[in-house]
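The values are calculated or read from the model by the stated rules, or taken from the named source; none is laboratory data. Treat the numbers as computed from the prediction; the structure is a model and nothing was measured. Because the Cβ atoms are built from the backbone with ideal geometry, glycine has one as well, and the counts that use them run over all protein chains shown. Calculation scope for accessible area: heavy atoms of the full protein, side chains included, ligands and nucleic acids excluded. Shrake-Rupley method; radii C 1.70, N 1.55, O 1.52, S 1.80 Å.
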Amino acid sequence: MRFLMLMIPKGYDTAKPGTMPDAKAVAAMMKYNDSLQKAGVLLSLDGLHPPSMGARVTFAGGKPKASDGPFTEAKEVIGGFWMIQVKSKEEAVEWASRCPAAETDTIELRQVMEMTDFPADVKEAVSEFPDLARDFDRKAS
């Protein structure tokens, strides 16, 4: 099972462009990341710049419209993520619980959909794109 662990740091929704984390926090996080890697569960990870440096594309009325950040209506924003592969949701929760996060941070866990999760009609639609389907299966194994 693959899980996306989403770091939601409180206050990141209003962070100014170029905001960087504290070096001590990064050092602690790197030790945690190293433990994920040594355990063989880490597939990928990245930190994200604040929303003030981002953009959103909305599709109201079927027409794309781009808006630059920050996004005033945002209550929670993603500061970074890990993609892990574990045996269960409980194991994913266990790994998230070990994170050296600040007391105001939240980690949301979301299971990634695997090809086996989809009904036959979706699998049929995917079969029209064999290279993408093969890549999808490789990431799931």
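Values computed for the structure shown
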item: Failed condition for LEU132, given (1) among the hydrophobic types (A, V, I, L, M, F, W, C); (2) modelled with pLDDT under 85; (3) part of a loop (DSSP other than H, G, I, E, B); (4) open to solvent by 80 Å² or more (accessible area, probe 1.4 Å); result: (3)
item: Residue among ASP13, ASP68, ASP105 that alone is farther than 25 Å from LEU132 by Cα, open to solvent by less than 80 Å² (accessible area, probe 1.4 Å), touching a strand residue (DSSP E or B) at 6+ places or on another chain (Cβ under 8 Å) and among the charged types (D, E, K, R); result: ASP105
item: Any hit, segment 86-102, residues being exposed (fewer than 13 other Cβ atoms within 10 Å of the Cβ), out of contact with any helix residue (DSSP H, G or I) (no Cβ under 8 Å at 6 or more places or on another chain), in a strand (DSSP E or B) and not β-branched (Val, Ile, Thr); result: no
item: Every residue from segment 30-45 that is over 24 Å from MET115 (Cβ atoms) and either free of Cβ contacts under 8 Å to residues at least 24 places away in the same chain or open to solvent by 40 Å² or more (accessible area, probe 1.4 Å) (or both); result: MET30, LYS31, ASP34, SER35, GLN37, LYS38, ALA39
item: Pairs where the first residue, in segment 49-63, is farther than 20 Å from MET7 by Cβ and the second is small (Gly, Ala, Ser), C-beta under 9 Å, 6+ apart; result: ALA55/ALA66; ALA55/SER67; ALA55/GLY69; VAL57/ALA66; VAL57/SER67; THR58/ALA66; THR58/SER67
